[in-house]
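Below you'll find the structure, written out as structure tokens, and then a few comments.
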Protein chains: 2
Amino acid sequence: MSKPVIAIDMGGTMIKIGIVKEDIIMSSTSISADSGNGLRQRLPHIEGAVKDLMAQENLSCKDIAGLGIASPGIIDSNRKKILSIDKKFGDAPGIDLEDWCRRTFDLSFCIENDARAALLGEWKYGRATDLDNVVLMSLGTGVGSAAIVEGQLLRGKHFTAGILGGHFVINYKGEVCNCGNKGCVETEASTWKLNSNHKLPLSDYKAVFQLAEEGDSAALAIRDQSLEVWAACAINLIHAYDPEIIILTGGIMGSGSHIIPYIRQQTEKHAWTPWGNVKIEAAAFPSSSALYGMNYLVNSQNK
Amino acid sequence: MSKPVIAIDMGGTMIKIGIVKEDIIMSSTSISADSGNGLRQRLPHIEGAVKDLMAQENLSCKDIAGLGIASPGIIDSNRKKILSIDKKFGDAPGIDLEDWCRRTFDLSFCIENDARAALLGEWKYGRATDLDNVVLMSLGTGVGSAAIVEGQLLRGKHFTAGILGGHFVINYKGEVCNCGNKGCVETEASTWKLNSNHKLPLSDYKAVFQLAEEGDSAALAIRDQSLEVWAACAINLIHAYDPEIIILTGGIMGSGSHIIPYIRQQTEKHAWTPWGNVKIEAAAFPSSSALYGMNYLVNSQNK
């Protein structure tokens, strides 16, 4: 019987914290991310929230297997460093989180990219427990991805393999993305892109999908283009990694009941899969896959 | 000291056959592929050419470690079958090549996708012997690719991982490709696409690059768009597989001294690689990488 794990999912808006044991989240909480002001100022708040959860469950640090953080950005999971993080939590690469974890909780530590963590959670406990070739695609502020090929989580030489699906070029004549590339998936359709277009009165995809339903022509145009872009992204993920399933997740997924049927139809029509069709499914744990994934990683590391 | 291997590279125009030992091609020959008429009619010619080479080197079948075929298309390297092959050698999926090899030569047999074979040749003997994260991109009739991530050749569940770089969507509003997808790399810039445009008097990229040098405006436009497309493909390969190097090869490479510098400049400028720059290099063995790769695979299989 493995001990419980402290799992932390650093979102751009909220930081989710849970105590996870096996496939159960014993208890969890969320604190504001306030990510524009950096991660360092959040550490005391995270410490407080973790200690509150532990007290609630009558656990002390010796009852805990370790602490794992799922973070956006490029993460060196071996040296346990945040290498590069796009705007949010801009000070994070300079913080020694392993040292913070040791000093604060005296616990073993691990850190992984949030899309990889979510994929591991879905693979070990969620939508893809019976499969060994699995891709996750996350639609939200940005577009994230991660891939397991032949039972191996892809990390790559510089920890970017699998996670840059949002930065596949899908329009090589397109606009410059905030990553410096041109015509990326993200710059053609994501929440940050929607927000950066100040000519539009639409601040999120919830509004886009709702107005499109009501027949608003600007919203319809954005919805239809966004669906096309995400389908192209899914096709590229299929062509890159040869999965049996793509698990869709992320903030936008709650807004559009059209998304999964559209991507399923387009990948069935256009992806080169002579063997059959890739399953397109929603995540089993839309808001907590990454917590389950960090639970798995902490336990794997301790073995 | 390993025995020599019979290595066969099934191109769409020519079939290359070599006797390979360690890192040396002892002797080699080419026969016309006549691929429009299928593979079955070629087998007696391949048999004849192999036997001629063996006689030339005073070798009998018992001196040979095995026979390996590098083939275009989707190849099941475990069951040793050609699963899907696009137009060329249309009858190949119905031929039991392992049985043919046993009956004709009494040799052990293996088969792999030609881009994967070329990548293995470059990895074991050519441009990337010191690296474990390597991508190959082949510009020719079509656009091919293959990837080694953390020392593992990517094959995937259905043997398509790594090899569909030519079918990444890079223009999601683009034309339908002959694979059924829209706006693929290949359908935006490849020799087959050039040939299918009958309004143009240009049959190959040699003519395109030459006329562009002379200032011909139609040729300049095609050259510049093709370079942009191939750079977008290289960026997508970098974002998908996180390599240290992309090895460029294929028929078009001989034509344009601009190709490597342009792709190098664009990937340095646009790919998201905060650690540094991916090397962009020409293959060490532009016309025989796949023969070396099949030599490696036959020897690995026999171990």
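How are the alpha carbon pair distances in region A:255-303 distributed across 5 Å bins from zero to the largest one, expressed in percent?
Pairs per bin, as whole percents: 4, 16, 17, 13, 13, 13, 13, 8, 2.
At A:Met14 and A:Thr104, where each label point lies 7 Å from the Cα along Cα→Cβ, what is the point-to-point distance in nanometres?
In this crude label model, A:Met14 to A:Thr104 measures out at 1.9 nm.
If you plug each phi of region A:14-31 into the Karplus form 6.51 cos²θ - 1.76 cosθ + 1.60 with θ = phi - 60°, what whole-Hz ³J(HN,Hα) values come out, in order, with x for Gly and Pro?
These are the phi-based 3J(HN,Hα) values: 10, 9, 9, 10, x, 9, 10, 9, 6, 9, 10, 8, 5, 7, 8, 8, 9, 10 Hz.
Exceeding 32 Å between C-alpha atoms, which entries from my cross-link table qualify? They are A:Lys206/B:Lys193; A:Lys182/B:Lys279; A:Lys206/B:Lys182; B:Lys21/B:Lys80.
Beyond 32 Å: A:Lys206/B:Lys193.
Calculated from DSSP H runs of 4 or more alone, at -39500 (n - 2.57) each and per residue, what is the 222 nm mean residue ellipticity of chain B, nearest 500?
Values: 9 runs with 105 residues, N = 303.
It comes out at -10500 deg cm²/dmol, rounded to the nearest 500.
Work out the P(r) tail for region B:148-223: percent of alpha carbon pairs separated by more than 22 Å, whole number.
Tail of P(r) above 22 Å: 41 percent of Cα pairs.
Which whole number in µm²/s is D for region B:181-303 by Stokes-Einstein, with the Kirkwood Rh taken over Cα pairs at 37 °C and 0.692 mPa s?
My calculation gives 204 µm²/s for D.
Carbon and sulfur: what percent of region B:155-303's accessible surface (1.4 Å probe)?
Working: 2780 of 5600 Å².
Roughly 50 percent, rounded to a whole number.
Helix A:217-241 versus the longest principal axis of chain A: what is the Cα-based angle in degrees, 0 to 90, to the nearest 10?
Relative to chain A, helix A:217-241 is tipped by roughly 60 degrees.
Relative to the longest principal axis of chain B, what angle (0 to 90°, nearest 10) does the C-alpha long axis of helix B:259-270 take?
Roughly 60 degrees between the two axes.
Evaluate E = 1/(1 + (r/R0)^6) for A:Val176 and A:Leu220, where r is the Cβ-Cβ distance and R0 equals 25 Å; express this FRET efficiency to the nearest 0.05.
0.45
List every residue whose amide H lies under 5 Å from the amide H of B:Val169, counting only residues 5 or more places away in sequence or on a different chain, with H placed 1.01 Å from N in the peptide plane.
A:Asn236
Relative to the longest principal Cα axis of chain B, at what angle does helix B:114-125 sit, 0 to 90 degrees, rounded to 10?
80 degrees
Using θ = phi - 60° and the Karplus relation 6.51 cos²θ - 1.76 cosθ + 1.60, list the HN-Hα couplings for region A:92-104 in order, rounded to whole Hz, with x at every Gly or Pro.
Listing the rounded values in order: 4, x, x, 9, 8, 6, 4, 5, 4, 5, 5, 5, 7 Hz.
Just to verify a number: FRET efficiency for A:Glu268 and A:Asp96, C-beta to C-beta distance, R0 = 41 Å, to 0.05?
Taking R0 as 41 Å, the efficiency between A:Glu268 and A:Asp96 is 0.30.
Could you give the Stokes-Einstein D for the protein assembly as shown in µm² per second, using the C-alpha Kirkwood radius, 4 °C, 1.567 mPa s?
51 µm²/s
Given region B:63-221 reduced to its alpha-carbon atoms as identical point scatterers, what log10 I(q)/I(0) does the Debye formula return at q = 0.10, 0.12, 0.15, 0.16 Å⁻¹?
Rounded to two decimals, the profile gives -0.47, -0.66, -0.94, -1.02.
Could you name the residue in chain B with the C-beta closest to the rotation axis that superposes chain B on chain A, along with the separation in whole Å?
Looking at chain B's Cβ atoms against the axis toward A, the nearest is B:Ala240, 2.
Antiparallel as a % of all DSSP beta bridges within chain A, to the nearest 5?
That works out to approximately 60 percent antiparallel.
Expected output is a single nm value to one decimal: the length gained when fully extending between A:Ile260 and A:Leu43, i.e. 0.36 nm times separation in residues minus the C-alpha distance. What is it?
74.4 nm
State the dimensionless ratio Rg/Rh of region A:221-260 (Rg: radius of gyration of Cα atoms; Rh: Kirkwood radius).
That ratio is 0.99, to two decimals.
Consider all pairwise Cα distances in region B:1-106 and report the whole-number % of them above 15 Å.
Cα-Cα pairs in region B:1-106 separated by more than 15 Å: 62 percent.
Quick one: which residues, 5 or more positions from B:Ala282 or on another chain, have an amide H under 5 Å from its amide H? H modelled 1.01 Å from N in the peptide plane, none for Pro or chain starts.
HN-HN under 5 Å from B:Ala282: B:Leu248.
For region B:101-169, go through all pairs of different Cα atoms, get the mean of 1/r, take its inverse, and jot down that Kirkwood value in Å.
13.1 Å
For region A:83-128, state the semi-axes of the equivalent ellipsoid (square roots of 5 times the eigenvalues of the alpha-carbon gyration tensor), sorted largest first and rounded to whole angstrom. Walk me through the numbers before you get to the answer.
Values: eigenvalues 118, 61, 8 Å².
Rounded to whole Å, the semi-axes are 24, 17, 6.
With the Cα gyration tensor of chain B in hand, convert its eigenvalues to equivalent ellipsoid semi-axes via √(5λ) and list them largest first in whole Å.
Ellipsoid half-lengths, sorted descending, are 32, 22, 18 Å.
Counting only residues 5 or more places away or on other chains, whose amide H sits under 5 Å from the amide H of B:Lys81 once H atoms are built in the peptide plane?
The answer is B:Asp76.
The values are calculated or read from the model by the stated rules, or taken from the named source; none is laboratory data. None of the values given here were measured: they were computed from a predicted structure. Ideal geometry is used to build each Cβ from the backbone, glycine not excepted, and the neighbour counts take in all protein chains shown. Keep in mind that these areas ignore ligands, DNA and RNA; they rest on the heavy atoms of the full protein, side chains included. Shrake-Rupley method; radii C 1.70, N 1.55, O 1.52, S 1.80 Å.
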